[in-house]
Every structure is written in C-alpha cells, then in structure tokens.
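Everything below concerns the one structure shown next.
The values are calculated or read from the model by the stated rules, or taken from the named source; none is laboratory data. Just so you know, these numbers come straight off a predicted model, no measurement behind them. Counting neighbours? That spans all protein chains shown, and the Cβs are built from the backbone with ideal geometry, glycine included.
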Amino acid sequence: MNSPSSLNLLPALIIGLLSGNASAAGFQLLEQNASGLGNAYAGSAAVAENASTIFYNPAGMTQLKEREFSTGLVAVGTSFKFTDTGSSVGFLTGTGTGGDGGGWGFIPNAYMSWALNKDLYVGVGVGAPFGLKTEYDNPWVGAAQSAMFDVKTYNINPSVAFRVNNKVSVGAGLNWQRLTAQYIRQVAVVSAVTSASPLTLDLTGDSWGWNAGALFTVSPASKVGVSYRSTVSYDLTGDINITGPSAALNSSRSSGAKASLKLPDVFVLSGTHQVSEKVQLLGDISWTGWSSIPKLDVIRTSGALTGQIAQTLDTDFRDSTRVAAGVNYQYRGDLKLKFGLAYDQTPVKGASTRLVSLPDNDRTWLSAGAQWTVGKGGVMDIGATYLLLNNSQIDNNQLVDGRGRVTGEYSANAWIFGLQYSRAF
C-alpha cells in the first residue's frame, strides 16, 4: 500500500481534467459560438445560421451561402465559494476556505465553409470543447486534494456536408484534439518532520474523434436536426514533480506518468419552428456519456516504481441530460432579439464523489442576446447568460491516502458573455 509520501499523487488527472470552471455540466464547454448563447443553445443542431454549425451539426452547412466565415470569443466567469463544516487535513496542517475557487476563462472559435457546388459543402472549425480552471488561495483545508488545476483542449474540425434533396441534408467531420493539463496540490512528506511539499503534474496528449449529423426540413416553417460527437480516447503522458525540503524524497517520488482517458460522446436532438414572420421557437435535448470515465488509473513510467499504479481515482460519473428552450423575436429588419432557458444535469452523483476541483452541480441557464445585420453580408451577435447552480454538498474522504477529508458546502454561480461576427461572401 502506498504511504502518504509516495502517492498522494493524483487526483491530478481527474481532479484536473474534470476541471471546475467549465460552463456546461462537468467540464464540457458548449460555447463554441456566441450566436447561440442568447438562446441557451436551444436548437443548436437545427439553427444553422452561420458557419459555426460545423461544430453543432455539419449538415447545416447546406443552409449557408457560397462562402461564409464566423469568428468569436466567449468569456466565462465562475464563482465557487466553500463553507467548511468539519474538514480534516490529515497529515497536513492548515486552515482556510480557499477564497473563491473560480475565475475567468476565454473560449475562442473560428469557422469557414465553402460550397463546392449547389449540394456539396466543405468547412473547417477551430474551438475548445473542454476545459477551464479552478484555483484556491493558499493555505486552505483542501490543499492536499487540489490547489490549482488548469486544463485546455484545442480542437480542429474539418467537415463535409451533402444536400440529399430539398428536405434532407447530411454531414460529417473529423476532430483532431489536443489536451494539456497542469495540476498542483500539497503532499504530506512524512520523515523526521511532517511537512507539506508542492506536487505538480503536467500531462499532454493528442487524439482523434469524429462527428456527424443530419438536418430535416419538415415543413417550410420547421426543421429538425440530430447530431453526434464521438468519444475521444487519450493516452496522456507527462511528469510528476515534487519540490519539497527533502531532495532524496523529491527525487524518489518524482517520475514520468501516463494515463488513459476517454472523453464523453454527445448526442443532440434539436428543432426550430417559425411561428410567424417575427417569432421563432427553438428546442433542444442532449445526452452526454460521462460514464465513459468511471475511474482513472495513473501509472508511473520512470524511477524505482516504474509500472506501478500511482493512484486509482474512482469518479463514478453518470451520464447526464440537458434540455433547452428558446425564442427569437425579429424586432425590426436588422435586429433580432434572443432569449433562452436551459436545465443542465451534473455527472457528479453526490457529496462523496464531488471533487474540490469540480464542485459541480445541476444548473439553470438564463440567457438573452441580440443579433444585428452589419453592412452587406455581415452579422454581429452578442449574448449573455447567468448560470444558477444548486448549492453543492461535499464530503470527499481521502484520509487513508493522506489527502484529508473535505466536508462542507459550495455556493456557486457563473456569468457568460459572448461576441460573434459572421459574414457571407
């Protein structure tokens, strides 16, 4: 059995990779455009109003002009405030609630689509479908479980779409994805004197996935879209570094590391209906396969303990669903107003498996936005969302592994702001 000085390593990967600043449940980032933000991304697989449909449903490219591009930026600001109700720090000493574990993250996106002929379209998109960051003030009672985590993904998505007839279009794409993660926490080094040492884990990996979709024109006023994004399986590699007062312990417990991780797949069913010249209704239901991450084994790849499992982390994630509804109102010829409401289910089952770097819970989206026609062929979108998260109970007991027991409650919320410019040629 590992001693507290050996591998108190790694909630690293999962506590990291499932980072808490993401705006959708878990660590998913729905915000791959700003034009859907005002509708809480209701109708995402059926709207196809600009080139960002490449991410949400590539079949939607058949609804676009000959050439279109779209680019934007979304800012996500989260707040996670912890109230302690009896945590135990185990081998470490220290108090404090960590301040606000949230912060601001920025999600860029860019898309371009081309019509090769009247029925065949190609395109490419760039975005960041998972990630963001949690960071706590030092010291705090949960520092042995997580002090900071920063995870980023980069996704390049070449795609193709084909119009089968005037009622049915299909599309598909490949996704090259890169993931980088850095995780920092405090380790109890037990020697003549017990002391806290910073542990840093860096992991990186590249992988491939795919996405596909179909778009159906049910009537002149109604469309239905379906889309699927595949799992993405990573073989991550990196380093574990401990930088404490004992050079011998630092050397013996620092090593290379590897882990296998399968990010979840996503299925979306969407619809839009034009009620009148001024009013459009939108709806969405999605499913995310978070059970692809039941646990994580992190294995040492160098040093005296090469080949040994540094730690197994049981996340016990469940699959989750999300429902959204929206309405667009054409206020005047060049100005459309957008509104949306969504309910997003967390993959975290309860207090015992909630991570301090992922103090996640069910959330409600309250969204609004506007769209302006700007010059010939140009469209500007702005959107804003307030995320109301239920208070989250946590009782994560890792005392046996030297990482303490964090017991208390998180209060959380988030703001999301987005800006998008799209243009048809």
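Each residue in the range 205-242 was checked for being in a loop (DSSP other than H, G, I, E, B) and touching a helix residue (DSSP H, G or I) at 6+ places or on another chain (Cβ under 6 Å), and 1 of them qualify. Out of all the residues in the range 206-227, is one or more among the basic types (K, R), modelled with pLDDT under 95 and either touching a strand residue (DSSP E or B) at 6+ places or on another chain (Cβ under 9 Å) or farther than 30 Å from A46 by Cα (or both)? No: the range 206-227 contains no residue that is among the basic types (K, R), modelled with pLDDT under 95 and either touching a strand residue (DSSP E or B) at 6+ places or on another chain (Cβ under 9 Å) or farther than 30 Å from A46 by Cα (or both). Looking only at residues of the range 284-307 that are of a type outside the set (V, I, T) and surrounded by fewer than 16 Cβ atoms within 10 Å (Cβ to Cβ), we find that the one that is farthest from A48 (Cα to Cα) is A304.
Candidates F91, F80: the one that is modelled with pLDDT under 95, closer than 21 Å to D395 by Cβ and crowded, with 24+ Cβ neighbours inside 10 Å is F80. Of all residue pairs spaced 6 or more apart or on separate chains, those with beta-carbon atoms under 9 Å, a first member in the range 27-49 that is farther than 20 Å from R423 by Cα and a second member that is surrounded by fewer than 24 Cβ atoms within 10 Å (Cβ to Cβ) and among the aromatic types (F, W, Y) are F27/F130; Q28/F130; L29/F130; N39/F339; A40/F339. For the range 107-117, check the following and say yes or no: at least one residue is modelled with pLDDT under 95, within 26 Å of F149 (Cβ to Cβ) and part of a loop (DSSP other than H, G, I, E, B). Scanning the range 107-117, I find no residue that is modelled with pLDDT under 95, within 26 Å of F149 (Cβ to Cβ) and part of a loop (DSSP other than H, G, I, E, B), so the answer is no. Kindly evaluate G125 against the criterion of being part of a strand (DSSP E or B), in contact (Cβ under 8 Å) with a residue 24 or more places away in the chain, within 27 Å of S233 (Cα to Cα) and not polar (S, T, N, Q). So G125 passes the test. Looking only at residues in the range 391-425 that are among the small types (G, A, S) and not in a strand (DSSP E or B), the one that is modelled with the lowest pLDDT is G402.
Being buried (at least 16 other Cβ atoms within 10 Å of the Cβ) and part of a strand (DSSP E or B) is the requirement here; does N361 meet it? Spelling it out, it is not the case that N361 is buried (at least 16 other Cβ atoms within 10 Å of the Cβ) and part of a strand (DSSP E or B). Here the range 249-283 is the region considered, the condition is being part of a loop (DSSP other than H, G, I, E, B) and surrounded by 15 or more Cβ atoms within 10 Å (Cβ to Cβ), and the residue that is nearest to the chain's Cα centre (by Cα) is P264.
Residues that are in a loop (DSSP other than H, G, I, E, B) and either under 8 Å from the mean Cα position of the chain (by Cα) or surrounded by fewer than 24 Cβ atoms within 10 Å (Cβ to Cβ) (or both) within the range 22-44 comprise A22, S23, A24, A25, G26, F27, L29, L30, listed in sequence order. Residues in the range 396-425 that are of a type in the set (D, E) and either under 20 Å from S23 (Cα atoms) or surrounded by fewer than 17 Cβ atoms within 10 Å (Cβ to Cβ) (or both): E409 only.
Restricted to strands (runs of 3 or more DSSP E) entirely inside the range 304-349, those with at least 2 residues that are small (G, A, S) and under 17 Å from S286 (Cα atoms) are 320-332, 335-344.
Only a single item in (1) out of contact with any helix residue (DSSP H, G or I) (no Cβ under 8 Å at 6 or more places or on another chain); (2) among the polar types (S, T, N, Q); (3) touching a residue at least 40 places away in the same chain (Cβ under 8 Å) is not met by Q63, and it is number (1). Evaluate the following for L389: is it free of Cβ contacts under 8 Å to residues at least 40 places away in the same chain, crowded, with 16+ Cβ neighbours inside 10 Å and more than 23 Å from S222 (Cα to Cα)? Criteria met by L389.
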